[in-house]
Structures are given as C-alpha cells and as structure tokens.
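A short write-up of the structure that comes next.
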Amino acid sequence: MKVWLKKPIILPALIILGVLALMIIKSGKSAPTAGTVAEYATPVEVQTLQASAITPYAIGYGTAKPSSNLNVPAEVSAEISWIHPKLKQGANLTAGTKVVMFETRDIELTLSKTKADLTSQSTRVAELDLEERNAEQQLQLSQQKYELAKAEFERKKALSKQGAISNSTVDTEQRNLINQETDLENMKLKLALYPKQRELLGSEIKIAQAQIEEQERNLARTQVFLPFNARIGSVNVERGSFISKGSTLFVAQGKNNMEILTQIPAKKMLPLLSYAMGKKSSNDSSSLQKKLGLKAKVFWIDGPETAFWTAKVLRSNDSIDSKTRSIGLIVGIDNAVEQEVIGIRPPIFKGMYLKVEITGNQFEAIKIPRSAIHQGNIYLKDSENRLVIEQAQVAFVQGDDAILQQAPSLNTIILSDLIPAVPGMLLLPVPVMAQNTLTTP
C-alpha cells in the first residue's frame, strides 16, 4: 500500500467526496411521472349460435331371431314313410316344399269302414221311410176296422136289449171291438216312434260324416309342406320311425323376416320423443311410431362396414327392464334374403349379434359442444367483447353435442375454458369454423 493512503485524513476525505458525487447525480434526474396501464384482453375461441337441423338417435344392441319360428308338429300318429333328402339342419327350402310323408294304410282302412257305416245308415233311413208309409196305410185299415167293430157292437147291443140275441153274442162283439181298438193304438204308437228313429239315424249319419271328414283331413295331414321360405333347424325324425301325434318333427325358421330386440336406456329415448313432444298419444302403437317418425338401421358388429340392413321399428316391449332401466324396442328387417350380397352383406342368422341405430325425425334447435358447458354454465360474448355467464338450458345431450332447450340471451358462445372466468372481463374473440349442422349418428 502506498504511503499517502496511510495518512489519517485521507480516508474521511474520500468518503465525503463520494457522497457529494452521488448527490450531484440524483439532482440531475427528473422525477418519474404517472403513466396509464393498458387492460389485457384474453384470447378466446368463439362461435356464432344458430338453429340447425337435429336428427335424434339412439344406439342399442341385440341378437337376431326369425320373426317366424315354427316347431312343426305331427298331426297324426303313424309311421314315417318318406323324408325329403334336403331336410337337414341348416338347409334352405322354399315355401310349399313337401318334406315329410306318413304311412296312410291305417287311415285309409278307417276311412273305408266309416264310409261303409255311412252307406248302411243311409240305407236304413230309406227303409225307415218305407216302413213309415206302410204303417200309415195299416193305421187307416185299423181305423176302419175299429169303426166297423164299434158299429157292429152298438147294433148287437141294441138287439140284445130287444131280446133278439143273447148276451154272449154281445160279449163276443165287445171283445172284438177291444181288439180292434188295441191294434189301432199300437199302430199310432208305432208311427209316433218313426220320427225319433229317424232323428237317431240322422245323428249317426252326422257322426259318420264327421268321422269321414276327420279321416280325410288326417289323410291330408300325412303329407307335410313348408308354410314359408325357411331355414331348417333341428330335425327329429327318421324314415321308418313311428311318430305320435303332437311330437315335433323339425324346426322351421323364417329367413326372410328377422327381428332384433334391442334395449335402449330410458334417458336415451328422450331425443327420439322430441319431435312428438306435446302430441296426444294413441293406443295404436303403429300410430305412435308414425308420429315419432322412427327409422332404424342394423349393423353386424363382427362384419365389414358394408354389412348393414335397412330396418323399421315394429313395436315396443311390454315393460321396462327392472335391472337396466331400459326400454325394449323390437326392430324388424324385411326381405333380408333380397338384401344379401356375397362378400358385402351376408345372410342374417339366428343369434347374430347386431348393433341397432334408431333415428327420429329432424327438428330445428340450437346445439353447442358439450365442452362449452362449464359446471352447468355457458360463457357468452357481448357486443363490447365482455364475458357474460349464463346457466345452460340443456334439453338433452347427444354424442359430443348438447341440444339447448332455450336460446341464450346472446348469440356468440365462447368455446375456450377461462380460468378464472370473471364476468365483464375483456375478451379477444377468435372465430372458429362452425360444426356440421346435421347431428347424426
């Protein structure tokens, strides 16, 4: 260190010079003036609200089953004499195809016997007519004999009083009169029985005719025909086996019309009811479906995208499922065979798992993205680009959209999530492209 710095007066002098220099520097600066702070505008995505066409829809799942599933029974007890060679499980046969024949000998014998009985009874009726006509003639003769015997008795009775003849002669004539009267009454009784005999024969003839008709029907029942175009299920018969009446021969499944029972949650039915909201209901289920304008399309879940079929809503189930709280809708596919396309749209088999999309009639409403709802509120922009918060009036939610029951007070909605969201805060709107105006599955 240099010698002059070691002097005691030098250090205080340096401190005083530093303080003076600092004071001179501060005195040369002007005092700061108050400035205006600019308000920050928060950038947000906005979209103009407008009514658009809404297509309500609901999605359900179910398994296919034939609308016609017939357990074909044996209508006679007899031996199987013939079976169609294609009557096997999984085979497709057309309506009217003869598939099974029964042995007819026993039925034909019974039919011949019954016809012979009917002929005998008809002959007996003819004989009864002849007997009745003969009895009527005999009744007339008996009546005449009685009148003559009565007159002769009266004559001899008068002669006996005059003493011309003996009393024994009168007694003999009286016995003859009684015999003639007895014959007359017997003929009347015989004639009275003919209507009853004819009635009895008539009943026997009707029974014989009914038996003949029954046997003729049984004869026709020995041949079994398919009532509709069918896919054959289980087959329970073999040639030569004896089948009792009422036993199931085979199962025929209608392949042209299929049905699917699909369960739709009750809350998902609300969008489908929107079009008919407020309309008077009807006891006619088809009329209600017409009011709702329900349409359906069925997709094969495990198949290609081209595997879908046009369908229609046939009816609803009789109750709500107590476990899932869902409503059962029966959807039908008509002319399923005609819609088959190899490699694109396969046949529909029993038990196939399918997805069902049910759509209703379009209606006009305002929809917004579900993400634009924040704890039940929506953010709106006013004419001065300020934030307005209103409660969302949501009718129902469909997919990623919320359908508004009532239009908000402003027509510009904020899609961005503001944190924090302060009513009246300044916004910097950034328009976004409107979504597709048609809300479909």
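Couple of notes before you dig in:
- Selection of region 105-127 for residues being closer than 19 Å to Thr222 by Cα and in contact with a helix residue (DSSP H, G or I) (Cβ under 6 Å, 6 or more places away or on another chain) yields Ile107, Thr110, Leu111, Thr114.
- With respect to (1) of a type outside the set (Lys, Arg); (2) closer than 20 Å to Ala58 by Cα; (3) touching a strand residue (DSSP E or B) at 6+ places or on another chain (Cβ under 7 Å), the lone exception for Ser319 is condition (3).
- Among (1) without any contact (Cβ under 8 Å) to a residue 12 or more places away in the chain; (2) on the phi > 0 side of the Ramachandran plot; (3) among the polar types (S, T, N, Q) - the single one Asn385 does not satisfy: (1)
- Selection within region 316-362 - on the phi > 0 side of the Ramachandran plot and among the charged types (D, E, K, R): Arg325
- Residue within region 196-206 that is of a type in the set (Ser, Thr, Tyr) and touching a helix residue (DSSP H, G or I) at 6+ places or on another chain (Cβ under 8 Å) present: no
- Every residue from region 205-219 that is under 39 Å from the mean Cα position of the chain (by Cα) and within 15 Å of Asp106 (Cβ to Cβ): Glu214, Gln215, Glu216, Arg217, Asn218, Leu219
- The strands (runs of 3 or more DSSP E) found entirely in region 305-381 that carry 3 or more residues being closer than 18 Å to Pro265 by Cβ are 308-320, 326-333, 353-359.
- Selection within region 79-101 - within 23 Å of Ser244 (Cβ to Cβ) and free of Cβ contacts under 8 Å to residues at least 40 places away in the same chain: His84
- For Ala126: the one exception among (1) within 30 Å of Gln174 (Cα to Cα); (2) of a type in the set (A, V, I, L, M); (3) within 60 Å of the chain's Cα centre (by Cα): (1)
- Figure legend. Inter-residue proximity from region 118-143: first residues within 16 Å of Tyr194 (Cβ to Cβ), second residues surrounded by 15 or more Cβ atoms within 10 Å (Cβ to Cβ) and of a type in the set (Phe, Trp, Tyr), beta-carbon distance below 8 Å, spacing 6+ or different chains. Indicated pairs: Leu128/Tyr194; Glu131/Tyr194; Glu132/Tyr194; Ala135/Tyr194.
- Hits in region 340-354 (condition: surrounded by 14 or more Cβ atoms within 10 Å (Cβ to Cβ) and either of a type in the set (Gly, Ala, Ser) or touching a residue at least 24 places away in the same chain (Cβ under 8 Å) (or both)): Arg345, Pro346, Pro347, Ile348, Phe349, Lys350, Met352, Leu354
- Residue count, region 78-104 (criterion: in contact with an Asp or Glu (Cβ under 9 Å, 6 or more places away or on another chain) and part of a loop (DSSP other than H, G, I, E, B)): 1
- Of the residues making up region 220-266, just one is within 28 Å of the chain's Cα centre (by Cα), buried (at least 18 other Cβ atoms within 10 Å of the Cβ), at pLDDT 90 or above and not in a strand (DSSP E or B), namely Leu226.
The values are calculated or read from the model by the stated rules, or taken from the named source; none is laboratory data. Since this is a predicted model, take the numbers as computed values, not measurements. Every residue, glycine as well, gets a Cβ built from its backbone with ideal geometry; the counts of neighbours run over all protein chains shown.
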